[in-house]
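The values are calculated or read from the model by the stated rules, or taken from the named source; none is laboratory data. What you are looking at is a predicted structure, and each value in this text was computed from that prediction instead of being measured. Virtual Cβ from ideal backbone geometry, glycine too; neighbours counted across all protein chains shown. Just so you know, the surface numbers come from the protein's heavy atoms only, side chains and all, with ligands and any DNA or RNA stripped out. Shrake-Rupley method; radii C 1.70, N 1.55, O 1.52, S 1.80 Å.
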Amino acid sequence: MSLMEWSDELSVHIGRVDEQHKQLIGLINGLHDAMKEGKGRDVLGKTLSELVDYTATHFKTEEDLFAAHHYPDHHPHKREHDALTRQAADLKDRFMKGNLFISNETVLFLKDWLYNHILGSDKKYGPFLHAKGVA
Ligand code: FE2
Ligand code: FE2
């Protein structure tokens, strides 16, 4: 069984966002599998990079929607994104320098962050953007 599973509970009912969240879950599962299978640094590094890059793409999608529709919680929400972006860049940096071994804790941190952020913050913009006609 995968580390993270998609469920309707996670849906913000905006198609493009749900698809991106599913991709992120897939990338975190991929990192978890690569770690469990004892894959080499090259595979782990590539998977971690993909996750970091896709996270940036995803945050931009949400922030562009917030800007386009004047979402009132744009800035506090962006601060959460920025904090994770810094932490993820730091993880990648330490990994690339050989100062980080990707452990269960690393993957669980990313998993918990994504769950908590979707359920706590992303879910809040769903109804607002819906009312603006975003589907
Ligand atoms: Fe999100
Ligand atoms: Fe978000």
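In the structure shown, do any of LYS36/LYS97; LYS39/LYS123; LYS97/LYS123; LYS92/LYS123 have a Cα-Cα gap over 31 Å, and if so which?
LYS39/LYS123; LYS97/LYS123
Zone of ASN116 (label point 7 Å along Cα→Cβ, backbone N under 18 Å): which residues in segment 60-87?
Label zone hits: 76-87.
Tell me which of LEU44, PHE66, LEU129 sits at the most positive position along the dipole axis of the chain, charges placed on C-beta atoms (Lys, Arg +1; Asp, Glu -1).
Highest projection toward the positive end goes to LEU44.
Out of the total accessible area of the chain (probe 1.4 Å, heavy atoms of protein only), what percent is carbon and sulfur?
C and S fraction of accessible area: 54 percent.
Using 0.36 nm per residue, how much length does the chain from ALA89 to LYS22 gain when fully extended, once their Cα-Cα distance is taken away?
That works out to 22.0 nm of additional length.
Each label point is 7 Å from the Cα along the Cα-to-Cβ direction; what then is the distance between the points at ALA131 and ARG41, in nm?
If labels sit at ALA131 and ARG41, their model points lie 5.2 nm apart.
For LYS46, give me every one of the aspartates and glutamates with a C-alpha distance below 14 angstrom, ignoring sequence neighbours fewer than eight places off in its own chain.
Qualifying aspartates and glutamates at Cα under 14 Å: ASP33, ASP93.
What are the DSSP H helices in the chain that stretch 30 Å or more along their long axis, judged by alpha-carbon atoms, and whose average Kyte-Doolittle hydropathy comes to at least -0.5?
Membrane-span-like by this criterion, though nothing is claimed about a membrane: 41-69.
Let me know the shape class of the chain, please: from the alpha-carbon gyration tensor, a ≥ b ≥ c as square roots of the eigenvalues, rounded when a/c is under 1.5, otherwise prolate if a/b is greater than b/c, or oblate.
prolate
Would you please report the Å³ per residue occupied by the convex hull of the alpha carbon atoms in segment 1-59?
So the per-residue hull volume is 64 Å³.
Report the longest stretch of the chain that contains none of the GluC sites (Glu not before Pro) sitting in a DSSP loop with at most 16 other Cβ atoms within 10 Å.
38-135
Please sort by residue number the trypsin sites (Lys or Arg not before Pro) in segment 65-135 whose DSSP state is loop and whose Cβ has at most 14 other Cβ atoms within 10 Å.
Taking segment 65-135 and a limit of 14 other Cβ atoms within 10 Å, the loop trypsin sites (Lys or Arg not before Pro) found are LYS97, LYS132.
Can you give the calculated 222 nm mean residue ellipticity of the chain, where each DSSP H run of n ≥ 4 adds -39,500 (n - 2.57) and the sum is split over every residue, rounded to the nearest 500 deg cm²/dmol?
-24500 deg cm²/dmol
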